[in-house]
Amino acid sequence: MGLYLAALGLCAVAAAAGALLPRRRRVTPTALLGALGCLAALTAALRILVTGDAVTFHTAQVLPLTGLSLSLDPLGAWFVLTSAFVGVAACVYLVGYAREGLASRTAMAMFMVFLLTLVAVPAASSVMSFMFFWELMALSSLLLILADQSRHPEARSAAIWYGVMTHLGAASILLGFLVVAAGGGQSFSDLSAQSSAMSPLARGIAFLLILLGFASKAGAVPLHVWLPKAHPAAPSPVSALMSSAMVAMGVYGIIRVGRDLLHGGSVWWWVVVSLLGVASALYGGLHATTSTDVKRLLAYSTIDVVGLVLIGVGAAGALGDSGLGSVAHVAMMGALLLVLAHAGFKGALFLAAGAVERATGTRDLDLLGGLIHSMPVTTLVVVVGAGSIMAVPTLSGFSSEWLLLQGLLHGFGAASTPTVIVVLLGVVALALTGGLTAVAFVKLVGIGFLGRARSPGAAKASEVSMSMRVAMIWLTGAGVVIGLVPGLLVAALDRAAATGRARDAATGLAHGTGLVLTGLHGAIAPAALLGGLVVVMVLVGVLNQRATQRRVRRVEAWGCGRDEQTPRMQYTATSFAEPLQRVFADVLRPQADIEVTHVAESRYYEQSLAYENRVVDVVEARGYRPIIDGVLRVGRGARRLQNGSIHRYLALGFLALLVVLVVA
Amino acid sequence: MSTTYVGVLELAAGAVLLSAVMTLWRRSVRAIVSMLRLQGVALSVVAVDLALHEHEHALLATGALVLVVKGVAIPALLRRIAQRDPRSRESRPLVNVPASLVFAAALIVLSYVVGTRITALAPSVVTNLAPLGLATVLVGYFMLVTRRHAVSKIVGLILVDNGIALMTFLLTSGVPLIVELGASLDVLLVVVVLQFLMVSMRHHSATDRLTEMKALHD
C-alpha cells in the first residue's frame, strides 16, 4: 500500500506544483512529478497483480464524517495499471505539448488532479470515497476540456454537454448506491453483504440506476452524445487520458458493482449490458468511418471499442449465470485485456492526433496528406495503432479480441436462450465492427499520412518535439510487447478477471509466451506468428526480385495522361467513406446541401457551386434535441414571471412568506 | 413583577406596531419618516425596559444603540432625502390607503393566529407580545410591496428589520450586543447606499417612483 499511497501523494504534489510554480518553471517539473507518480502507481498495481493480495487503507482524515477508505484488489489494480500506463505517456507528452497552451496554472493543476483521480477511483472502497474521486474526476476533466477554449470555441458547448451528462450519471449512480445502502453502512463490504438479502426487484433497480451512470461515463450508445464532442475539444493529452482511462472507469464501475457488490444478479442485467455493447460497437464503428475530423474519428472508435468491451462483460455475466463459469472467465479476460490494449493504442493515436494538429494546424483529414515524409515517427505510431485497433495479428488488439471471441464462441453451448442470443449478437457485432474499423483506419492512415499534402499547413509540417515522440513510442512499444507476448500478462489477467467470483480452477490460460486456453480448445502464439510472417514476407520479396528482373519506371500514379496533377485531385476522406455512407444511409442519415449561384446574365452558366455534406448524430438529433427543446420552452415560459417590475418580485416573496406562515 | 414594567412594555411594543400601521396611513414622506422615528424610539424603550427589569447591562447598551441608530440616525438621513423635495408624497400606492389598512388588520390577525403557536412554547407576559413583532414584519413587507416611492420602500425595509428586532427582544430577552450592533449597522449602511442610489436615480430620471424605472430592465 505504501507505494500506491506514495503514487497518490506524488500526483497531489504535482497538482500543487502546477498551481504554485511560476510560469517559466512550471511545466517540466510538474509533468515529471506526475509521470513519477504514475510510474509508482504502475509498479504498485503490477505488484498486486503478481501477488494477488489485496491491500487496504483507511484514514479518518481527508473526507468528513466517513473518512477515506481505499482497497486495491487485482480487479482495481488492473484498472490502475491501465490509467497509470497512459498517465506516464500523457505527462511526458505534456512537457513538449504544454509550451503552447495548457501551461496555465489551472490547466496544469487540474491535469494532475485528473491523473490522481484516475489512479484513485479503482481503489475507492466506500461509497463516499468512490463518489468523492468520481466527482473530482468529472470536475477536473470538465475544466480541462475548457482549457483550450480560446482556440476551440466548440469546447464550450462540448463542456456543457459533458457537464450535464456526467452530472446526471453521477446522480444516477448515487441513487443506485442509496438503494443498496438502505440497510445502513456505506463501505463496499457492507453493501456487498446487504445486497445478498435484497429482493431481486430492488437489486435490479439498483443495478439499472448504477448501470445508467457508468454507461454514460463509458460512452455507451445511447448515452454517448457527450463523447464525440468532448474528446475532440479537449487538449490532446487530456483526450488520450479521457479516451483510454476515464472511459475505462465506466467499465470498471459496471464490473465492480454488478459482479462484486451485487453478486451477478439475473441474466437479464447482462443481456442489457451486452445490448448496450452491441449498439455502441456498431454505431461507433459506423460513425468512425464517416468522420473526417481525426479526433472525432478516434472518439467514435472509442465508443466502438467500449461496445466490444461491454459485449465481453455482458457475455461474461450472462454465461456465468448460465453455468458456464469457465467460458465466462475467458470472455472477461478478453474484455479486460482489450481495456488495457485500447488504452495503449488509443492513447498513442490521440497523442499522435495532437502532434498532427500541432504540426499542421488542422485535424481535418481532407486537409492533411503526405505526413509520412515529414513526420515519420508519428506516422509509424499511427500505423501501428491503426493496426492494433484493426486487430491485425501480432498486435495488441488481436490478442484481446481473440480472447473475447473465444469466450463468445464457446458460449454457444449455454442452456438459456437469452444468453445464446447475446453471444450470437456479440459475435456478429465483433465481425461487423472489425470491418468498419478497418475502413475507418485505412482511411485515417491512407488519406492523412500517405499521398500528397492537401493544404499549405500539411505541406509545411515537421516532426514534433522529443518528449512528445517519446510518449507516443512508450505507448506504442508497450502495446507491441503486449501483442507479441501476451503470455506475460496471463497470471495478472487471470487474477483480475476472477475478482468477485468463485474461482474455477479447471480453466483459464496456460502460462507461456502465447495464449493457450486450458479446458477449452484454442491457442495462439503471436510471436511465432510474427516469425512466420517475416519469413514468408522475405521469401515473397526475394522470389519477386528473382522473377521480375525489370527496370523500375517512376511515374505519377493515376496520371490519366494529364500534365499537371494537383493534390486536390486525390482521393479524400469524405469520398473514401462515401460508398459506406450510402449503404448505411438509413442509420447515418447524411445531409447534403448543394447551393448553385448563377451568373446574372444567363441561367446556363454557374458562377459558384457550394456543396456541403455532413453526418449528424442521429441519437442526438432525435433523442436529445426534443428533450432540450422542451426544457428551453419551460425556461422561456418561466421568463413571463420576470417582467422587470420590482413590485411583482416583492409581492411574490411576500406571498411565499404568507403561504409558509399559514401552512407551517 | 411590577405592573409599571409590564405596562411600559405593552405600551412600547404596541407603539411599534401602531407606528408601522401609521406609515401605511400617511402619504406625506415627511410624516412617514416621523412615524419611523417614533417606532425606533419605541423599540429602544422596549429594550431599555427589559434591561432594567432583568438587570442586564448589555441589553441596556443595545437599547441605547437602537435609540441612536434607529431613533436618530436613520430617520435623520431619510429626512434629508425627503427635504430635497418637501412636497414629495406617496401619491398613488398600488393598493389604496383604506384597503391597505384593512389588509394590515388581516395581517395582524394572521400573525396572532400564527404567533400563538410560538408563544405557547414558553408562555409569559413578555412572550405573549411576540405576535406584535411578527405583525410589524408583515406590515413592513406589505409596505415594501405596495408603495411606489423610493423612501417608502426603504421605510418598509426598516419596518421589517424593526419587527424582527422586536421579536428577538421579546422572545429571547434581548440578543447579544454584538448581534444587534451588526444588524443595526447593516441597516444603516443599506440606508446610506440607497440614499446614494436615489440621488443618482433622481439625477438620471428625475423621479423617485420605481415604477417608472421599469423601462430600464433587460
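The values are calculated or read from the model by the stated rules, or taken from the named source; none is laboratory data. Remember, it's a predicted structure, so these values are computed and weren't measured experimentally. Here Cβ is always computed from backbone atoms with ideal geometry, including for glycine, and neighbour counts include all displayed protein chains. The protein model used for the area step is the full one, side chains on, heavy atoms only, and it has no ligands, DNA or RNA in it. Shrake-Rupley method; radii C 1.70, N 1.55, O 1.52, S 1.80 Å.
Output the number of the condition that A:Thr51 fails; it satisfies all remaining conditions of (1) at pLDDT 90 or above; (2) farther than 27 Å from A:Ile173 by Cα.
(1)
In segment B:125-166, what count of residues is obtained for those that are out of contact with any Asp or Glu (no Cβ under 6 Å at 6 or more places or on another chain), of a type in the set (A, V, I, L, M) and either within 13 Å of another protein chain (Cβ to nearest Cβ) or under 20 Å from B:Val193 (Cα atoms) (or both)? Spell out the reasoning first.
Applying the first criterion (out of contact with any Asp or Glu (no Cβ under 6 Å at 6 or more places or on another chain)) to segment B:125-166 yields B:125-146, B:148, B:151, B:153-166.
In the following step, the residues that additionally are of a type in the set (A, V, I, L, M) were identified as B:125-126, B:129-130, B:132, B:134-135, B:137-139, B:143-145, B:151, B:154-155, B:157-160, B:164-166.
In the following step, the residues that additionally are either within 13 Å of another protein chain (Cβ to nearest Cβ) or under 20 Å from B:Val193 (Cα atoms) (or both) were identified as B:134-135, B:137-139, B:143-145, B:151, B:154-155, B:157-160, B:164.
Adding up the residues that qualify gives 16.
Could you identify the single residue in A:Asp321, A:Asp366 that is modelled with pLDDT under 90, under 30 Å from A:Gly448 (Cα atoms) and either of a type in the set (Val, Ile, Thr) or surrounded by fewer than 24 Cβ atoms within 10 Å (Cβ to Cβ) (or both)? Steps first, please.
On the way: A:Asp321 fails: under 30 Å from A:Gly448 (Cα atoms).
Only one candidate qualifies: A:Asp366.
Restricting to segment A:613-664, give me the number of residues that are more than 14 Å from chain B (Cβ to nearest Cβ) and not in a helix (DSSP H, G or I).
Matching residues across segment A:613-664 total 5.
Looking for whichever is out of contact with any Pro (no Cβ under 8 Å at 6 or more places or on another chain), among the aliphatic types (A, V, I, L, M) and open to solvent by 50 Å² or more (accessible area, probe 1.4 Å) here; the options are A:Leu68, A:Leu32. Which one fits? First the steps, then the outcome.
Working: A:Leu68 fails: open to solvent by 50 Å² or more (accessible area, probe 1.4 Å).
Only one candidate passes the filter, namely A:Leu32.
When A:His329 is evaluated against the numbered criteria (1) open to solvent by less than 10 Å² (accessible area, probe 1.4 Å); (2) modelled with pLDDT under 90, which criterion, by number, is the only one it fails?
Among (1) open to solvent by less than 10 Å² (accessible area, probe 1.4 Å); (2) modelled with pLDDT under 90, the lone unmet condition for A:His329 is (1).
Suppose the filter is open to solvent by 10 Å² or more (accessible area, probe 1.4 Å) and not acidic (Asp, Glu); does A:Ser400 pass it? Step through it out loud before you land on a result.
Numbers: open to solvent by 10 Å² or more (accessible area, probe 1.4 Å): no; not acidic (Asp, Glu): yes.
When the stated conditions are applied, A:Ser400 does not pass them.
Looking for whichever is at pLDDT 90 or above and either touching an Asp or Glu at 6+ places or on another chain (Cβ under 6 Å) or more than 30 Å from A:Gln591 (Cβ to Cβ) (or both) here; the options are A:Gly250, A:Gly265. Which one fits?
On the way: A:Gly265 fails: at pLDDT 90 or above.
That would be A:Gly250, the only listed residue that is at pLDDT 90 or above and either touching an Asp or Glu at 6+ places or on another chain (Cβ under 6 Å) or more than 30 Å from A:Gln591 (Cβ to Cβ) (or both).
Have a look at A:Ser141, A:Ser129, A:Ser150 and point out the one that is among the hydroxyl-bearing types (Ser, Thr, Tyr) and either at pLDDT 95 or above or touching a helix residue (DSSP H, G or I) at 6+ places or on another chain (Cβ under 8 Å) (or both). Quick ask: steps written out before the conclusion?
Values: A:Ser129 fails: either at pLDDT 95 or above or touching a helix residue (DSSP H, G or I) at 6+ places or on another chain (Cβ under 8 Å) (or both); A:Ser150 fails: either at pLDDT 95 or above or touching a helix residue (DSSP H, G or I) at 6+ places or on another chain (Cβ under 8 Å) (or both).
Exactly one of A:Ser141, A:Ser129, A:Ser150 is among the hydroxyl-bearing types (Ser, Thr, Tyr) and either at pLDDT 95 or above or touching a helix residue (DSSP H, G or I) at 6+ places or on another chain (Cβ under 8 Å) (or both), namely A:Ser141.
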